[in-house]
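The values are calculated or read from the model by the stated rules, or taken from the named source; none is laboratory data. As the structure is a computational prediction, the values presented were derived from the model and not from experiment. Cβ: placed from backbone, ideal geometry, glycine included. Neighbour counts: every protein chain shown.
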Amino acid sequence: MRRTYTKNGGYTLNAANEIEGFLFKGVDAERHYHETGKFEYVNTGGYYHSLPGDLLRLFIDASADVQRAMGFQNEKDHPEVAPSQFEINYSYAEVVAAADTIQLYKLICRQIATKMGLTASFLPKPVVGVNGSGMHTNVSISKDGKNQFWDPKGEERMSPCAWEFVDRILTHGNDICLLLNSSVNAYRRLDPHFEAPNQLKASAVDRGSMVRIPLGNERSARVEVRPVAPDANPYMVLYSIFKTGMEGDIAAIENLRSAPRYLPDNIYDAMENFRESEWTSKLLGEVVKGRYLDLKQSAADRCPRLLGTYVKAPEVRYHHEIYNQFLWNMF
């Protein structure tokens, strides 16, 4: 069954993102990475590990205070699994506002870090050997104030509408991977040794699944798309997830939600999947699709083809497209 979602139909698209990042010593640590060849932690603790007066804790508290002052509905904040890693969670919003909030979140964190003489980095995998950073994207659809993903009698208490959404995401997971992981460095994170969500399946408990079904209720029932990198374009990410989940195809694959299929582990395979996909042509149009591929190819060509065992300087230097010549010269 294919549903038609229109504004006149009373549907609202909701999203909330769990954005992880690293806090490193020194200002502009990314900009100087080609000189130093390393990032220095401010904290060597792990998940929820912090003490009063700790730099990471002070940074998280200051960032959360600024976010609340700007209207963020903060829910929790804490150090993450890797050393010097953080996450500050906030409530969901309508999809365009949610994308704007991602940009504000990263800007606030970067500015607070700079004032502290530090760097907030949203590279997906700035340091090998530890967990990378993700931007888990929680989405739901409501109509006339009612969550369309909730069904107390459904599988995992999710409605048929929600499972159709999940199945379309899984069907097109490889097609849209380049939109969710747009940088060379992002593919270091999709490493199964570090809880990477690189498996094209859905699960309520398995952290390696592309789609997680969190425990929810009538208000909070949602779908969590886990492979999104924190340096991806938030507008393209949310557009591609919702458009795919609502209008994509459902593959005739037995056990679609648990089939042993995987996302690519390098940007070249991701580009090939994106290029060959009929769905991405429908999603973006041929002109925009071609331009996006050209940009990704240009970034990939600046970096070593094989990722290897340590982060290369070009991965850091070219993980964002910079068009402004003045800014580029500064970088």
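For the range 123-137, the condition holds for at least one residue, the condition being that it is part of a loop (DSSP other than H, G, I, E, B) and without any contact (Cβ under 8 Å) to a residue 12 or more places away in the chain. Gly71 meets the conditions (1) surrounded by 15 or more Cβ atoms within 10 Å (Cβ to Cβ); (2) free of Cβ contacts under 8 Å to residues at least 12 places away in the same chain in every case but one. The failed one is (1). Residues in the range 15-68 that are surrounded by 13 or more Cβ atoms within 10 Å (Cβ to Cβ), among the hydrophobic types (A, V, I, L, M, F, W, C) and more than 22 Å from Val128 (Cα to Cα): Ala15, Ala16, Leu55, Leu58, Phe59, Ile60, Ala62, Ala64, Val66. I want to confirm something. Restricting to the range 126-149 and keeping residues that are crowded, with 21+ Cβ neighbours inside 10 Å and of a type outside the set (S, T, N, Q), which single residue is nearest to the chain's Cα centre (by Cα)? In this case the residue turns out to be Met135.
The range 168-276 holds helices (runs of 4 or more DSSP H) entirely within its bounds, and those carrying 1 or more residues that are under 15 Å from the mean Cα position of the chain (by Cα) and of a type in the set (Ser, Thr, Tyr) map to 186-189, 234-247. Is it fair to say Phe86 is within 23 Å of Arg226 (Cβ to Cβ), in contact with a Leu (Cβ under 7 Å, 6 or more places away or on another chain) and crowded, with 18+ Cβ neighbours inside 10 Å? So Phe86 fits the description; yes. Checking Glu30, Glu40, Glu18, Glu35 one by one, the residue that is charged (D, E, K, R) and either modelled with pLDDT of 95 or more or on the phi > 0 side of the Ramachandran plot (or both) is Glu40 and no other.
Glu164 fulfils the conditions (1) modelled with pLDDT of 95 or more; (2) of a type in the set (Asp, Glu); (3) outside any helix (DSSP H, G or I) except for a single criterion, (3). If the requirement is being free of Cβ contacts under 8 Å to residues at least 24 places away in the same chain and of a type in the set (Gly, Ala, Ser), which of these qualifies: Ala232, Ala252? The match here is Ala252.
List every residue pair whose Cβ atoms sit under 7 Å apart, with the two residues 6 or more apart in sequence or on different chains, where the first one lies in the range 294-308 and is without any contact (Cβ under 8 Å) to a residue 60 or more places away in the chain and the second, anywhere, is part of a loop (DSSP other than H, G, I, E, B) and surrounded by 14 or more Cβ atoms within 10 Å (Cβ to Cβ). Between residues of the range 294-308 that are without any contact (Cβ under 8 Å) to a residue 60 or more places away in the chain and residues that are part of a loop (DSSP other than H, G, I, E, B) and surrounded by 14 or more Cβ atoms within 10 Å (Cβ to Cβ), the close pairs are Arg302/Tyr318; Pro304/Lys312.
Scanning the range 43-69 for residues that are under 23 Å from the mean Cα position of the chain (by Cα) and at pLDDT below 90 turns up Gly46, Tyr47, Tyr48.
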